[in-house]
Structures are given as structure tokens and as C-alpha cells.
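What follows is one structure encoded as C-alpha cells, with my remarks underneath.
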Amino acid sequence: MTDNGWYGWAGTILRVDLTKGTVEKQPLTKEMAYDYIGGRGFNSKILYDEVKPGTNPLGPDNLLIFGTGPVTGTCIPNNGRFTVSTLSLVTGGLGDGNSGGHFGPQMKYAGYDTIVVKGISPKPVYLYINDDTAELRDASHLWGKDVWETTDILMHDHDNKSMSVSAIGPAGENVVAASSIMNEYARAAAKAGVGAIMGSKKLKAISVYGEKGIRVYDPEDVYDSTIEYIDLIARTDKWWFETFSKYGTPMFVDQYNHLGALPTRNWKEGTFEDADKLGITPLYEKYVKKKRGCGGCIYHCSPWFRIDEGPFKGWVGEGVEYEAMTGFGSKLGCSNLEVCLVAGSLCDMYGLDYISASEAMGWAWECYNEGILTKEDTDGLDLSWGNDSIIHEVLRKLAYKEGNLGKLLALGSRKAAKKIGGKAEYYSMTIKGQQMGSMDPRVVTAWGFGYGVSTRGGDHLRTHLVCEYMFTPEEMEKYIGDARASDRFNLSEAKADLVRWTENVRFLNDSLETCKYINRGSPRSYVEFPYRWLTAVTGKKFTYEGLQDVADRVLTVERSFNVRQGMDRKDDYLAERWYKEAMPVGSGKGSKVDKEMYDKLLDRYYEVRGWDQNGLPKRSHLEKLGLKYIADELQKMKLLGKEA
Amino acid sequence: MSEKEKLEKAIERAGLQDGLIGRSHGLILEVLEKGNFCKSEIFDQVKGRNYLTAPQQVIRATDQLVEIRAAKSVGTRKTAYAEIAEEEEVYQITDRGKLLLNQLHAQFKTFDR
């Protein structure tokens, strides 16, 4: 353990220039640490300051930033996260993906808070990190290999099974929009085409191993607060704690189906007639052999499966979860669980994001079933709903950009839909061009509104708004100020305040770099622990209110980045289907999003965020957050919000 | 210590003071006054009232009632809600629950809003 004056933070940013082939260490500043905390906070600040308008996402000036948080690698619960940020290939705005596993802790143990990669290497390379040694090495022998092969080779070559490898597969190499960056075989930093950005830079992988450890300021309070937190969750969020520990995210198939929120046949419906074939009962009866967890995890939600008989006999995989069951199941009308399990593992190997890949496929399936795409477009494949025999072949085509269909899907559904035109655009279920997974906005309305205003485009994780259906109305009244926010069907103005609150508390997950599953039904878990953990770990006194200011600051930096890229209010709307088509079946039957009320919500949301009615940040708000330099820049660009 | 004081202490110990026990708990206790039910059955009887629109809200509120001993588990049975448990627990109102229900009736004209 090195005494460099830092507690919690490692104190060093690693700067990699692939064009020049250089790796340099830069000291972290106190201002950066205290004002932006870490993880997504650091990444978004660096991205705003260094990636200028007009930058080509696939060019040398785009950055790829790997960020850990101050609690990453400590004993704070579920601390194994890190964020990868970039100028999004998919939205043209800010993009990021967040992953678990042990890569983040290993970065910290090696002595780095953040790795900033720029430039383009003339040949494939990987970044080798072992404590103070950080250097670019030739990756010609790895190019063309999938994620699992790459990981195995690097571990073997370095004779170190404790090292963590973050790598791209063929999807990233082939600049596929749905590509992810995978670490430890099955953990994905996904969305924004982060894998494609890494591929465009010819950076195949980062291998990292460290033995330096992390100093914490008050080990006793770190320990005490951790025990208190676990006791709180086990006692006050009993159902969640017990059930999630037992099943992991596959439990959401049953849960969301009951809520009428399970995306089915490209979001036409929210209830799938064969959901019971994809849920926890068949999964755990037949396939799951054990479970694994990320760094510091108290749940171990990651199921490890093996298929013992039938056409997929011998397949093993880890981390297959809800998004695979719904993505390759209900979204495509497929009820074959084994096909979903194998599809999930194929995504891990190819370096594909389950959500983005299955969303592009759902769009193609609907276009095919509506007669918009023909067999000429699909290379002869029959994309009828429920035809599970072609799902793996389509994934392979997507990863390798093969044939008409592979090339089309590789664009992502928004760009593919624009290319086809007409009704195809209606079937592209994207926000700001980003595909999303999880739950149908027609029956969890704040969750949906959170999709709309998310700074990285359509995404459930910016808010991860489970409190909409898990807080009791009494808890909602106390913590959000309005019990109406508990009504998941009605889009009342209370939802704007709820979304702002959850965006802020979820930012704390992304900046401390803790898993979002540590905050679920217990409001106290969101409010009482982040500032206490930060204070105990870093020695800098933080308060709940002070952290709200940090969250407001980063959300506004992210918004300003997007505004500078040309986004405003027009980009904060949902896909048209959710306003026009009422849910046809299930517990949410008849529900759709009221567009007039959605507009009122945007007004209210911008007001509480300090932005004007076009969604542009105001000078008064920017200056209050210490962002005068952004106000000055936006003013020069005539993009500053109007004061009331 | 009176039963009323014991109830207050239990609520405080569970961190549920300051209005965190309210109409939702009253609705659940009203259902349990009619008979013993599991959480999904309780939800089916209260859904749409006091903004209760998801089973998970009723699961949490019922667990809170169990924590302050206003309700107790009296067995299990299999239901359709696989995500809640393989077999759901069945709950019964306690004497303390009846006391709490009376207090909530006195506090609120109606549990609906």
C-alpha cells in the first residue's frame, strides 16, 4: 500500500495515446476528486472538457475512458463496478457503459482511478498493466479472436489467473453499433457502441493486475457502516434481499410479466404467453449449477449454467440474465430457454450487448413480419416471430457484419431504420437513437420518463427506477414529497421530481461505483449510506445534500455535452409507439403514455434541473454549480438556456 | 408499558415513524381482519387503492407490519406468483395489528385517495 496522501482514490490517472504509442501518469487533483467523486463523474467531466463538437466517434480525437470510484476495491458492498465513457457511436452524444466483475478493483489495486485512451494505433495492441508497469504491447495474435479466447490467451501468456482482462470480440473489431467491452468473460460495459470505439482504436484489450491495495481513512467506520447496511437491507428489504440472492435477475421475467411490463414482440405487448418457459422455475430446475458475484457482492446474482442434454449439450456460460431471457425470448416471440441461454453466451464471446443486439433484431423481426424486410434483406432467413432456429445465426452475422442482414443490423436499429425508411422508422424503439431493455414505459411511467431524459439515450440504468413500484406510497410521500408517484400507471407531475431524485441517487452508484442492486426498496439505503461510505473511505467529509449538488453538477455537465452536440427537448421523447398504441393485453391493458402530460412533465423536470423549456442549461444554474466555463462556452455557441 | 406504547416503540425501532405507517398498512390490515391471506392475495384485494399498483409495494408494507408484529405468518401455500416465493407465506392480523388498525382509522377518514 502506497502512502501518496490519498485515501479511497488511488490518486493517478493513466493517459494512453495510441497514435503516439505513449503511456503517461497524471496526478489526480483534489478539485476533481471532491467535485466529481469518481467513475462516471470523472469520465463525464473529462469527456466534456476534451472531446469537442465535430469530433468523429471513430476518429483519433474521441476518447475511451475507464473510470473507477473511490470505494471500488474496498469492503463497501458491491463495489466492483467501473464506467467506460465515450462520444457515442449510436446517439452522437454522451455515451457510457457500466460493468461489474473485478476489473475495476484490479485497476485500483494497480494504482489507477481512471484510464483515458485517445488516438488510433497503427496496429492492434493491448494495454498491459501490472502495478507501476503500464505499456502497450502487440496484439496481432489476438486480433480476430473472440473475447473468451483473448482472455484465455492473455492469462496464459502472463501466467496470471488473477489478472482481469477487458476485451473486445469480433463485434468491436468490426465496428458494430451493438458491440460491448467484456471483462472476465461475461461482464459487459455496454451501450453507445463502446466496443466499436475500442475496435476503431485498434485496442484489443486491457489486462490489469495490482497488488498495491487501497488505503481507507476510517477502517472501523467502513466496517461498521457496511454491517449496518447489510442489516438494514436484510431486515427492511427482506423479500428483495432473499429472492434476489436466490435467483438473480432472471426473477424479473416472472415479475415484469405480472406487471404487464415484459417487452414482447418488439414492445408491441407487455405480457408474454410463454413467460413461464423462460423464467426462474425452468432455469433453476434444469440449468443453473452455481452462482457468482462481482467484487464485494452480497448477492451473487450471476447464474452459471450448463446444458446437459439436447442440441446444445455441453454449453456452459455465466451471467446470463433477464435481458437475455426477454431479449432473445419474449422480444422475438421465442419460448426456447436453451436458445436464450446460448444466445447470451454467444453475445459474451462476440462482444455484443444483449440489449442492443436483441433490440436491433426485434426491429428486424417486426419489419419482416410486416412485410417491410424481405428474404432478400435477410439473406434468406425467415424472421417470423417465434422462429428460434435462426437466432444464433443472426447473432453471428451481426458480430461479423456478414451479408445484407449483418450489415444492416450492425448499424443499430435507428440508423438501419433510416436506411429502410417509411414505417421501419416507427418500429425502431429507440430514444436519442439508443436502444433500451427492461420494462415497458406504458405501465411504469416514471421508469419510462427516465428513459426519455437519460443523458446517454434510451436506458433504464440512469434512474433504475424500481422505487416507483417498490416504495410504499407512505415512503414515496416522505422521500419524494408526493404519494402519487407510487401509481405506476398514471403520469402525474410528481414523476418529474421522482426522476430527478433517482437520477441523482443513481449517479452516486455510478460515481462511487457501487452496483445499483444495493439500493432497491429501502429508501434509507439510498439516503443514509453513500455520504457515510465516502467520508469513511476518503476522509473528506461529505453530506447527503453536498452529494446532491455533485449529482446536479454532473447531470448538467452531461446535458451540456449533449446540447453542444445538437440535442435539446426534441430528443427527450419516447418512441412513438408508446404514445399511440395502448397496451393490448396483461395487467396494464389499455395503458399508453399521455403525450400532453409527458410535455408537462418535461416542463417540470427542466425546471427542477435548472434548464430552460427547451432543455438548455441556464447560466444561473451553471454558475451555481461552479460551471461558469460551460456557461461561457454555451453562450458563445448560442446554446445557453433562457433565464425565466 | 401499555400495548399502545409497545406499538409505538416497535414502529420507532423499525425506523417506520414519521408517517411511514399509513393508509397502505391500514388497507392490508383491513384485508387480514377478514381472514388469513398471502401477499399476492392481499394485493389482489387492495390494488388501485391509495396508489398501490404493484405487488411489490404490498410485499414491503406487509413485511413492515410483520416487523412491528402487527401481522404474523401462520403457514405457507403455493400461489401463482413464482417471483415472490415457491410457496407464499400466509399472514394473520395480531392483537397489536388490531390496535394499529383502530389508530389508523382514527387518523384517516379513508384509506383511499
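The values are calculated or read from the model by the stated rules, or taken from the named source; none is laboratory data. Since this is a predicted model, take the numbers as computed values, not measurements. We place every Cβ from the backbone using ideal geometry, glycine too, and count neighbours over all the protein chains shown.
A few comments on the model shown:
- Subset tally (residues that are in contact with a Ser or Thr (Cβ under 7 Å, 6 or more places away or on another chain) and either under 13 Å from A:LEU373 (Cα atoms) or surrounded by fewer than 23 Cβ atoms within 10 Å (Cβ to Cβ) (or both)) for segment A:414-427: 1
- Apart from one condition, A:ARG396 fits all of (1) under 23 Å from A:THR430 (Cβ atoms); (2) surrounded by fewer than 24 Cβ atoms within 10 Å (Cβ to Cβ); (3) not β-branched (Val, Ile, Thr); the exception is (1).
- The single condition from (1) in the same structural domain as A:GLY97 (by TED's automatic domain parsing); (2) farther than 20 Å from A:ILE129 by Cβ; (3) among the charged types (D, E, K, R) that A:ASP218 fails is (1).
- Within segment B:1-21, the set of residues being within 14 Å of chain A (Cβ to nearest Cβ) and either within 15 Å of B:ASP63 (Cβ to Cβ) or of a type in the set (Lys, Arg) (or both) comprises B:ALA10, B:ILE11, B:ARG13, B:ALA14, B:GLY15, B:LEU16, B:LEU20, B:ILE21.
- In segment A:464-496, residue farthest from A:GLY590 (Cα to Cα) [restricted to those that are small (Gly, Ala, Ser) and at the interface with another protein chain (Cβ under 7 Å from one of its Cβ atoms)]: A:ALA483
- Residues within segment A:24-67 that are in a loop (DSSP other than H, G, I, E, B) and among the hydroxyl-bearing types (Ser, Thr, Tyr), tallied: 2
- A:GLY458 being in contact (Cβ under 8 Å) with a residue 24 or more places away in the chain and either within 13 Å of chain B (Cβ to nearest Cβ) or over 12 Å from the mean Cα position of the chain (by Cα) (or both): no
Quick grid of which residues meet (1) at pLDDT 95 or above; (2) buried (at least 21 other Cβ atoms within 10 Å of the Cβ):
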position	(1), (2)
A:ASP221	yes, no
A:ILE227	yes, no
A:ALA234	no, no
A:LYS238	no, no
A:PHE252	no, yes
A:HIS258	no, yes
A:LEU262	yes, yes
A:GLY270	yes, yes
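- Scope segment A:464-483; condition out of contact with any Lys or Arg (no Cβ under 7 Å at 6 or more places or on another chain), buried (at least 21 other Cβ atoms within 10 Å of the Cβ) and part of a loop (DSSP other than H, G, I, E, B); matching residues: A:LEU465, A:PHE471
- Summed over segment A:378-406, the residues that are charged (D, E, K, R), over 22 Å from A:LYS145 (Cβ atoms) and free of Cβ contacts under 8 Å to residues at least 40 places away in the same chain give a count of 2.
- A:LYS204 surrounded by 23 or more Cβ atoms within 10 Å (Cβ to Cβ), in contact with a strand residue (DSSP E or B) (Cβ under 7 Å, 6 or more places away or on another chain) and not assigned by TED's automatic domain parsing to the domain that holds A:ASN404: yes
- Per the conditions (1) within 14 Å of chain B (Cβ to nearest Cβ); (2) in contact (Cβ under 8 Å) with a residue 12 or more places away in the chain; (3) among the hydrophobic types (A, V, I, L, M, F, W, C), the sole criterion not satisfied by A:PHE449 is (1).
- Listed here are the strands (runs of 3 or more DSSP E) enclosed by segment A:74-175 that have at least 2 residues being under 22 Å from A:LYS212 (Cα atoms): A:82-87, A:114-118, A:125-130, A:133-138, A:164-167.
- Only residues that are over 29 Å from A:TYR229 (Cα atoms) and either within 14 Å of chain B (Cβ to nearest Cβ) or aromatic (Phe, Trp, Tyr) (or both) were counted across segment A:285-308, and they come to 3.
- Consider segment A:338-372 and keep the residues that are buried (at least 24 other Cβ atoms within 10 Å of the Cβ) and more than 24 Å from the chain's Cα centre (by Cα). The one that is farthest from A:LYS407 (Cα to Cα) is A:GLU366.
- For segment A:529-584, taking the residues that are of a type in the set (Phe, Trp, Tyr) and in a helix (DSSP H, G or I), the one that is farthest from A:GLY457 (Cα to Cα) is identified as A:TRP533.
- Residues of segment A:220-271 that turn out to be free of Cβ contacts under 8 Å to residues at least 12 places away in the same chain and polar (S, T, N, Q), as a count: 2
- Note on segment A:52-80: residues that are of a type in the set (Gly, Ala, Ser) and within 20 Å of A:ASP218 (Cβ to Cβ) amount to 2.
- Taken over segment B:36-95, the criterion of being more than 13 Å from chain A (Cβ to nearest Cβ) and among the basic types (Lys, Arg) is satisfied by B:ARG69, B:LYS72, B:ARG77.
- Selected residue (criterion: nearest to the chain's Cα centre (by Cα)) from residues of segment A:484-513 that are buried (at least 24 other Cβ atoms within 10 Å of the Cβ) and of a type in the set (Gly, Ala, Ser): A:SER511
- Failed condition for B:GLU33, given (1) free of Cβ contacts under 8 Å to residues at least 40 places away in the same chain; (2) away from chain A (no Cβ under 14 Å); (3) surrounded by fewer than 17 Cβ atoms within 10 Å (Cβ to Cβ): (1)
- When residues of segment A:500-528 are limited to those that are closer than 20 Å to A:GLY100 by Cα and not in a helix (DSSP H, G or I), the one farthest from the other protein chains (Cβ to nearest Cβ): A:GLU513
- Meets criteria (under 21 Å from A:ILE46 (Cα atoms), in a loop (DSSP other than H, G, I, E, B) and more than 16 Å from the chain's Cα centre (by Cα)) for A:PRO70: yes
- The set of residues in segment A:608-623 that are part of a helix (DSSP H, G or I) and surrounded by 15 or more Cβ atoms within 10 Å (Cβ to Cβ) comprises A:ARG609, A:ARG619, A:HIS621, A:LEU622.
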